[in-house]
1. List the residues whose amide H sits under 5 Å from the amide H of Thr63, counting only those 5 or more places along or on another chain, with H placed 1.01 Å from N in the peptide plane.
2. Work out the FRET efficiency for Thr70 and Ser30 from their Cβ-Cβ distance, taking R0 = 41 Å, and round it to the nearest 0.05.
3. Collect residues whose amide H, placed 1.01 Å from N in the peptide plane, falls under 5 Å from the amide H of Leu85; neighbours closer than 5 in sequence don't count.
4. Using 0.36 nm times the number of residues separating Ala88 and Glu136, minus their current alpha carbon distance, what extension gain do you get?
5. Is segment 20-143 best put as rounded, prolate or oblate by its Cα gyration tensor, with a ≥ b ≥ c the root eigenvalues, rounded for a/c under 1.5, and otherwise prolate when a/b is larger than b/c, oblate when not?
6. Could you order peptides 76-89, 101-114 by the average number of other Cβ atoms within 10 Å of their residues, highest first?
Amino acid sequence: MPTPLRIAFILFLTLPINASILWDWNYSASGIVAGGTFTTADTPDANGGYLITAITGTRNAATIIGLQPTGTPIPGNEPFDVDNLIFAGPGAQLTKNGFGFALSDGSYSNSFYADFLPTPAYLEFFSDPPSSTELEVQFSAAPVSVPEPAGFALALAGLALVAIILDFGDNNIRNRGKRWQLF
């Protein structure tokens, strides 16, 4: 008969392990203060970019309520699609497409790296339909040092395996001469 420990271990092994990276980000300029956290995929693409999958934070007094879907422009900035990629650096941390988000006051922002300018710089395209602005900003982002979910899951799997081995050992002592059975 299966023990609860064995059942829990088998169920644990069927759980998917989804790792991600948390980043602190911010940008500012005269009259603009924005910042918060990104959640990204745990592995970069072929060019070293990490896909932003979620965003939290504020821009001035407005709360960020959503990440602009990758491959679409923020309203008012058509046809410039965001790619939602962040790079660890050194060098530019955003592409010319950048990331976009919606704000609680109905406005939108798209921050990007304008490498096409004579002097490349980070810019924010701010859209509060029907008006918009595009200003140079100081941007930075850095991964936050937190335990990886995959590493944590691996540690839990190791502990569960030790518990099963100890449980098998107890069965062997109680049932000398009988064959070990998983169930």
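1. Distant-sequence amide H within range of Thr63: Ser104, Asp105.
2. On the way: r = 30 Å, r/R0 = 0.73.
So, using R0 = 41 Å, E works out to roughly 0.85.
3. Correct list: Ile52, Thr95, Gly98.
4. Values: separation 48, 0.36 × 48 = 17.28 nm, distance 2.05 nm.
Gain in length upon complete extension: 15.2 nm.
5. rounded
6. On the way: 76-89: 17.5, 101-114: 19.9.
My ranking of the peptides, most packed first, is 101-114, 76-89.
Here, each number is a calculation from the coordinates, and none is a lab measurement. Model, not experiment: these values are computed from the prediction. All Cβ positions, even for glycine, are placed from backbone atoms using ideal geometry, and neighbour counts span all protein chains on display.
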